[in-house]
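To start, the structure itself, in structure tokens.
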Amino acid sequence: MRRPGLTQWLMLAPAQVLLWATIGLPAVFVLWLSFNQSTYGSSDRFVGFANYVAIWKDPYFWRATINTLIVIHIVIYTEIVLATIMAVAFSGLKRHRLLVSIILMPYAISEVVAVIIWKFLMDANVGAVERSLVALGLPPMYWASDPTSGLALISIVSIWRNLPFSFMLIFAAVLAVPRQLYEAASVDGASAWARFRYVTLPGIMPTVAVALVFRYIIAFRIFTEVWLLTGGGPARRTEVLALYLYKQAFSYSQFGVGAATGWVMVVVSLLFGIGYIWMLRIRGEVSV
């Protein structure tokens, strides 16, 4: 493969400078801030790893970490399964454009507006969805006072919001599977399940792996749903890492602790992504 020359590097330079200015410099500043004691009205003071030790000893940090891991695993795997089922079902329809448009509708709504609508729909007193569930004999969801119900509602809203992303990736992969493979499988007498298991699934696994990695990284930063639905309550029992960071930095004015939390989130999400890609590569499902 030919190595890029000076001309190619010069053509890439503006984009690299822009990326460094908008991402690199702020990241370096936040890293520097994480080693300082910083708050309103006082000069920054270097404290080494004291901020990282502080969050390590903070039980609210560990509760937020556990809540984050619970939510993202529920959200991601449920979302991928639903996206795969819908993609396979839609690929067999001749006129699926309207259905695809309906699936994409959550992306057309502002995230804040969407969460507020869900909050209204699930209100225990006037919420249409909540009252319908109770009318069907299901137990009410006290998401504002019960941590389990709160995390469940956060997961439901996050799945609804981000399902279009996973669906479009997997739907494109399903459509890209050669039709000849299905025809050959049908000639051999393969059932619908066998065609999915031995033709569709191997064909879409690289795309599913990409969707999983992207969703891990994106879901790890979940904030809006938690902030607007529960605010981390009751008693901070539905708090996630992004909300913990926000409160440390902007509610308690502990900018150094907030910066340290941010870098912990970056490192953990990168480790998740790298580990998942490595595992899939060992299994031979991706070649990156």
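For the reader, a short list of remarks on this structure follows.
- Pairs with Cβ under 9 Å, 6+ apart, first in segment 245-272 and modelled with pLDDT under 90, second among the aromatic types (Phe, Trp, Tyr) and surrounded by 21 or more Cβ atoms within 10 Å (Cβ to Cβ): VAL268/PHE220; SER269/PHE220; PHE272/PHE220
- Number of residues in segment 201-248 that are among the charged types (D, E, K, R) and under 30 Å from LEU181 (Cβ atoms) equals 1.
- When the helices (runs of 4 or more DSSP H) confined to segment 15-116 are screened for residues that are within 17 Å of the chain's Cα centre (by Cα), closer than 26 Å to LEU151 by Cα and among the charged types (D, E, K, R), those reaching at least 1 such residues are found at 59-91.
- Any hit, segment 244-256, residues being among the charged types (D, E, K, R) and either exposed (fewer than 14 other Cβ atoms within 10 Å of the Cβ) or under 26 Å from LEU163 (Cα atoms) (or both): no
- Qualifying residues in segment 117-126 (those that are part of a helix (DSSP H, G or I) and touching a residue at least 12 places away in the same chain (Cβ under 8 Å)) - the one surrounded by the most Cβ atoms within 10 Å (Cβ to Cβ): TRP118
Condition check ((1) within 20 Å of SER269 (Cα to Cα); (2) touching a residue at least 40 places away in the same chain (Cβ under 8 Å)) across all residues:
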| residue | (1), (2) |
| --- | --- |
| THR68 | yes, yes |
| HIS73 | yes, no |
| ILE80 | yes, yes |
| PHE90 | no, yes |
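- Looking only at residues of segment 39-59 that are surrounded by fewer than 16 Cβ atoms within 10 Å (Cβ to Cβ) and aromatic (Phe, Trp, Tyr), we find that the one that is nearest to SER251 (Cα to Cα) is TYR40.
- Test: residue in segment 234-246 that is more than 16 Å from ILE66 (Cα to Cα), outside any loop (DSSP other than H, G, I, E, B) and touching a Ser or Thr at 6+ places or on another chain (Cβ under 9 Å): no
- Criterion applied to VAL100, VAL28 was being surrounded by fewer than 19 Cβ atoms within 10 Å (Cβ to Cβ) and under 18 Å from TRP263 (Cα atoms), and the one residue passing it is VAL28.
- Tabulated pairs, segment 201-212, first touching a residue at least 60 places away in the same chain (Cβ under 8 Å), second of a type in the set (Asp, Glu), C-beta under 7 angstrom, 6+ apart or interchain: MET205/GLU285; PRO206/GLU285; ALA209/GLU285
Table: residues versus (1) over 21 Å from PRO106 (Cα atoms); (2) not β-branched (Val, Ile, Thr).
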| position | (1), (2) |
| --- | --- |
| PRO202 | yes, yes |
| LEU212 | no, yes |
| ILE218 | no, no |
| VAL226 | no, no |
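Results for (1) acidic (Asp, Glu); (2) in contact with a Lys or Arg (Cβ under 7 Å, 6 or more places away or on another chain); (3) without any contact (Cβ under 8 Å) to a residue 40 or more places away in the chain; (4) surrounded by 18 or more Cβ atoms within 10 Å (Cβ to Cβ), shown as yes or no for each residue.
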{"position": "ALA128", "(1), (2), (3), (4)": "no, no, yes, no"}
{"position": "TRP143", "(1), (2), (3), (4)": "no, no, no, yes"}
{"position": "ALA185", "(1), (2), (3), (4)": "no, yes, yes, yes"}
{"position": "SER191", "(1), (2), (3), (4)": "no, no, yes, no"}
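- Any chance THR261 is under 30 Å from GLY127 (Cα atoms), surrounded by 18 or more Cβ atoms within 10 Å (Cβ to Cβ) and either polar (S, T, N, Q) or touching a strand residue (DSSP E or B) at 6+ places or on another chain (Cβ under 8 Å) (or both): no
The values are calculated or read from the model by the stated rules, or taken from the named source; none is laboratory data. Everything numeric in this text was worked out from a predicted model, so none of it was measured. With ideal geometry, Cβ positions are generated from the backbone for all residues, glycine too; neighbour counts draw on all protein chains shown.
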